[in-house]
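Heads up: the structure comes next, in structure tokens.
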Amino acid sequence: MDGISWADLDRDEQRAIAILGAGLSIELCEPLALLTLARLGLAIGSHLTVAGDALRRDAVLKGVAS
């Protein structure tokens with residue numbers, strides 16, 4: 001996750017992280033977004049990696065704080 005911020009991700013990738021983080025079906029995600037997240041090390045299969053979950057958590061905390 002080195003150097004990757006929430007703003008670096010496109011809308012589909014952000015949505016996929018939110019879906020996976022909520023434990024919803026992988027079928028709700030765009031396939032290309034899932035491939036990109038896997039390539040970046042943010043997701044494996046239908047689960048977020050530790051880095052992906054940390055990115056999601058940081059985005060949520062920054063959203064609540066603003």
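The values are calculated or read from the model by the stated rules, or taken from the named source; none is laboratory data. Just so you know, these numbers come straight off a predicted model, no measurement behind them. All Cβ positions, glycine included, derive from the backbone under ideal geometry; neighbour counts span all protein chains shown. For accessibility, only protein heavy atoms count, side chains too; no ligands or nucleic acids. Shrake-Rupley method; radii C 1.70, N 1.55, O 1.52, S 1.80 Å.
Taking segment 30-39 only, how many residues are surrounded by 18 or more Cβ atoms within 10 Å (Cβ to Cβ) and either closer than 20 Å to GLY63 by Cβ or of a type in the set (Val, Ile, Thr) (or both)?
2
Which residue, of LEU42, LEU48, LEU9, is open to solvent by less than 70 Å² (accessible area, probe 1.4 Å) and in contact with a strand residue (DSSP E or B) (Cβ under 8 Å, 6 or more places away or on another chain)? Before you say what the answer is, go through the steps one by one.
Numbers: LEU48 fails: in contact with a strand residue (DSSP E or B) (Cβ under 8 Å, 6 or more places away or on another chain); LEU9 fails: in contact with a strand residue (DSSP E or B) (Cβ under 8 Å, 6 or more places away or on another chain).
The conditions single out LEU42.
Find all pairs meeting these conditions: Cβ atoms under 9 angstrom apart; at least six residues apart or on different chains; first residue within segment 33-53 and closer than 14 Å to ALA18 by Cα and of a type in the set (D, E, K, R); second residue assigned to a loop (DSSP other than H, G, I, E, B) and open to solvent by less than 50 Å² (accessible area, probe 1.4 Å).
ASP53/LEU42
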